[in-house]
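Novice: Shown below is the structure under consideration.
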Amino acid sequence: MTQEWNDRKTWMSLLAKVPVEALALAWDEADLGPDYRWLRRPETGAVMVRGRMGGTGLPFNLGEMTVTRCALELADGGAVGHGYVQGRDKGHAERAALCDALMQTEARGAVVETILTPLATQAAQVKGQRAERAAATKVDFFTMVRGE
Amino acid sequence: MSTIAAMKGGFNDPAVDAAHGFRALLNAMAMPGAINDVTGAVPVAPLSVAAGVAILTLCDPETPVYLAPSHDTDAVRDWITFHTGAPFVGPSHAAFAIGTWEALMPLDQFPIGTPEYPDRSTTLIVEMDALAQTGATLRGPGIRETAQLNLPDAGAMADNAALFPLGVDFILTAGAQVAALPRSTKIGER
Amino acid sequence: MYVAVKGGEAAIDNAHAWLASERRGDTDVAELSIAQIREQLSLAVNRVMAEGSLYDPDLAALAIKQARGDLIEAIFLIRAYRTTLPRFGLSNAIETADMACDRRISATFKDLPGGQVLGPTFDYTHRLLDFALAAEGGERPEVATRPADPAPMPHVTGFLNRDDLIEQEPVGDDTPSDLTREPLEFPATRALRLQSLSRGDEGFVLSMAYSTQRGYGRNHPFVGELRVGTVAVEMDIPELGFAVEIGEVQVTECETVNQFAGSKTEKPKFTRGYGLCFGHTERKAISMALVDRALRWKELGEDNVGAPAQDEEFVLSHSDNIQASGFLEHIKLPHYVDFQSELELVRKLRAEVERSQTAPTQEAAE
């Protein structure tokens, strides 16, 4: 899978959704460990998820989900990274923010190669496998022709 | 997108600093006329430290904020957005309003609550040059006999108190000091 | 007379300790892990998330473990926990049309783009106990796969929409009011009704829906579409100035297509009921759609036949199992004073009755 990784939204969205352990493993693998200062220490909170009436109409409140966020500034160069991730794992938010910050530096190539690309591939595999299982439960109708 | 300046100057230890800030604001509201020192916020100009502490302590995405012309700058907006997530609105929908007394006027542009929900009113954070226990005489709940405070406009604030149980409440800030004037306080000349 | 008493601290502590021990059960049996509950009791986890109104499978699994499997107690724990969380904001509305569907069926159209996808359903099982599951060490069965069709799965109601055969949903982005923040007032908006139903008790919502099917406010529903799958949740990040996905949630969505004979102002066309819940919770989502439709009688110009499911005050005030069990269960806690006064009242009334019964005989004697 090839991906451009030009859009900050794309990598932040991926980092928000990847399993905690998968990001931790990839982060250790990348061995980047830059110095940084907190702009906002990791905090866990809730986001109210909204749906739409009839799927397409006016919004309504469905319920909340847990989210952990943080912001930091790299000591070297001062790139700012934001982490907004699903769940309550503060380390997850921290690693996501570090990746976000490093994507704005010369370390970008290493982040793409050792973290983003493998994680995106894994996520696509998981999604693809589920879709293939769903496809196997799709009903093929047979029409019974009666008479002539 | 927020600038780096907007992301600095928040509470260092949000839970503890906000608890201290809340206690100071609670003391100020409970004892009108008392002047409390606060610390922990380093907001962008022209916000005072005390106004910064009040904002970080009290505001969140569910408390719409009105910035009076004296304080309505991109830097202030970005700082409040990053640290609290509070949305910005006009005076008629504000839970909190921030500015100098002159910039916040007229007072009747703010909601004063309803008989069923008197709390659906604005709390004004009034930035002042200095706070001093001189000037208007205060009486009422939280005051043993009388207290004195240099109110920006004793007449208008007395009119507000006459609306009780409706009306707005005031947090008065100067530098790193905060005092408060709830709607329950009666204001006399001496 | 009433004497104030206090006490029971030691008894309460001991009761809690015993509770913890009973929760653990026989220590010769392996302890349940949170991951086991999350993975193997996932439908219980889903119910706790839907009615606890907080999407976090690990927390819901923990709550189920702590509550010894009492799901309403687990929902209570989740509701209590969520009040401690700061709210970062509101998501953009999720796009269920973009759902990665595990399951998607329609009872109204056999052949539809994307097809009938059964997913992991109980529907065609025989409801015979499977004793093979009682044996330990079972392998995870192989699951068949087939190349997936990347084509989108449009909403079924969209087909009817094209021909103007079904009512249009008004569109917009108004911020809906939130019953977890402001007290519920009647009449409630549809947004508030849907929020309330989505977190309402499954048993209650199911019973209300069933009552409409049996004739108490009948609204002739067809399941136009039922879909289960994951959707991304996107939120505007103010400090960034753009929206990012902050996660993804599994949801169940049900759209019913209901008969509508028309009114003085409207031509006959189909109407809609809507259900959307966290997790794979299809019984709940279908029930929600039926009750949503029943509650819409006024806006559709239908008659109020006095059915319970048409009465929004009745439905919304009684759908929340935490409110209900809180009020219900408090009556088992000490009411010594209330009861003492009742006791005295009954004694006094009895004494009066006894006096009046003896009085006439005295009169006669005189």
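Novice: Does region C:82-94 contain any residue that is assigned to a loop (DSSP other than H, G, I, E, B), free of Cβ contacts under 8 Å to residues at least 24 places away in the same chain, more than 9 Å from every other protein chain (Cβ to nearest Cβ) and of a type in the set (S, T, Y)?
Specialist: yes
Novice: While we're on this one: So, A:G57, is that one touching a helix residue (DSSP H, G or I) at 6+ places or on another chain (Cβ under 8 Å) and not in a helix (DSSP H, G or I) or not? Quick ask: steps written out before the conclusion?
Specialist: Numbers: touching a helix residue (DSSP H, G or I) at 6+ places or on another chain (Cβ under 8 Å): no; not in a helix (DSSP H, G or I): yes.
No: the conditions fail for A:G57.
Novice: Here's something else I'd like to know. For region C:68-81, which residues satisfy the criterion of being within 14 Å of chain A (Cβ to nearest Cβ) and charged (D, E, K, R)?
Specialist: C:R79
Novice: Still on this structure, I have one more. Looking at region B:122-150 only, could you name the residues that are touching a Phe, Trp or Tyr at 6+ places or on another chain (Cβ under 7 Å), polar (S, T, N, Q) and not in a loop (DSSP other than H, G, I, E, B)?
Specialist: B:T123
Novice: Which ones in region C:184-215 are under 17 Å from A:M53 (Cβ atoms) and among the small types (G, A, S)?
Specialist: Selection gives C:A188, C:A191, C:S196, C:S198, C:G200.
Novice: Go through region B:15-51 residue by residue and tally those that are out of contact with any helix residue (DSSP H, G or I) (no Cβ under 8 Å at 6 or more places or on another chain) and not in a loop (DSSP other than H, G, I, E, B).
Specialist: Looking only at that region, the number is 13.
Novice: Mind listing just one residue for me: the one in region C:95-115 that is within 7 Å of chain A (Cβ to nearest Cβ) and of a type in the set (A, V, I, L, M, F, W, C) and, of those, surrounded by the most Cβ atoms within 10 Å (Cβ to Cβ)?
Specialist: Checking each candidate, the answer is C:C101.
Novice: Looking at A:T121, A:T143, can you tell me which residue is hydroxyl-bearing (S, T, Y) and either assigned to a loop (DSSP other than H, G, I, E, B) or touching a Pro at 6+ places or on another chain (Cβ under 9 Å) (or both)?
Specialist: Numbers: A:T121 fails: either assigned to a loop (DSSP other than H, G, I, E, B) or touching a Pro at 6+ places or on another chain (Cβ under 9 Å) (or both).
Checking each option against the conditions leaves just A:T143.
Novice: On the basis of being buried (at least 21 other Cβ atoms within 10 Å of the Cβ) and either in a helix (DSSP H, G or I) or away from every other protein chain (no Cβ under 14 Å) (or both), does B:V76 make the cut? Let's see the steps before the verdict.
Specialist: On the way: buried (at least 21 other Cβ atoms within 10 Å of the Cβ): yes; either in a helix (DSSP H, G or I) or away from every other protein chain (no Cβ under 14 Å) (or both): yes.
Judged against the criteria, B:V76 is a match.
Novice: Within region C:153-265, which helices (runs of 4 or more DSSP H) (wholly inside it) include 3 or more residues that are buried (at least 19 other Cβ atoms within 10 Å of the Cβ) and touching an Asp or Glu at 6+ places or on another chain (Cβ under 9 Å)?
Specialist: Of the helices (runs of 4 or more DSSP H) lying wholly inside region C:153-265, those with at least 3 residues that are buried (at least 19 other Cβ atoms within 10 Å of the Cβ) and touching an Asp or Glu at 6+ places or on another chain (Cβ under 9 Å) span C:190-198.
Novice: Given the conditions (1) touching a Lys or Arg at 6+ places or on another chain (Cβ under 6 Å); (2) not in a loop (DSSP other than H, G, I, E, B); (3) not assigned by TED's automatic domain parsing to the domain that holds C:P176, and given that C:C101 satisfies all but one, which numbered condition is not satisfied?
Specialist: The single condition C:C101 does not satisfy is (3).
Novice: Using beta carbons and a limit of 9 Å, which pairs, at least six apart or on different chains, have the first residue in region C:161-174 and in contact (Cβ under 8 Å) with a residue 60 or more places away in the chain and the second one among the hydroxyl-bearing types (S, T, Y)?
Specialist: Going by the 9 Å Cβ cut-off, the qualifying pairs are C:I166/C:T157; C:I166/C:T271; C:E167/C:T271; C:E169/A:T56; C:E169/C:T157; C:E169/C:Y274.
Novice: Report the residue count in region B:151-190 for those that are outside any loop (DSSP other than H, G, I, E, B) and over 24 Å from B:S48 (Cα atoms).
Specialist: The initial filter retains those residues of region B:151-190 that are outside any loop (DSSP other than H, G, I, E, B), namely B:154-161, B:169-174, B:177-181, B:186-188.
From the residues that got through so far, the ones that are over 24 Å from B:S48 (Cα atoms) too are B:155, B:158-161, B:186-188.
Total meeting the criteria: 8.
Novice: If C:S42 satisfies every condition in (1) more than 11 Å from every other protein chain (Cβ to nearest Cβ); (2) surrounded by 19 or more Cβ atoms within 10 Å (Cβ to Cβ) but one, which is the exception?
Specialist: Of (1) more than 11 Å from every other protein chain (Cβ to nearest Cβ); (2) surrounded by 19 or more Cβ atoms within 10 Å (Cβ to Cβ), only one is false for C:S42: (2).
Novice: Filter region B:68-103 for residues that are modelled with pLDDT under 95 and farther than 20 Å from B:G9 by Cβ and give the result.
Specialist: Scanning region B:68-103 gives a single hit, B:P87.
The values are calculated or read from the model by the stated rules, or taken from the named source; none is laboratory data. Every value quoted in this text rests on a predicted model; they were computed, and no experiment measured them. When we count neighbours, we look across all protein chains shown, and the Cβ atoms used for this are built from the backbone with ideal geometry, even at glycine.
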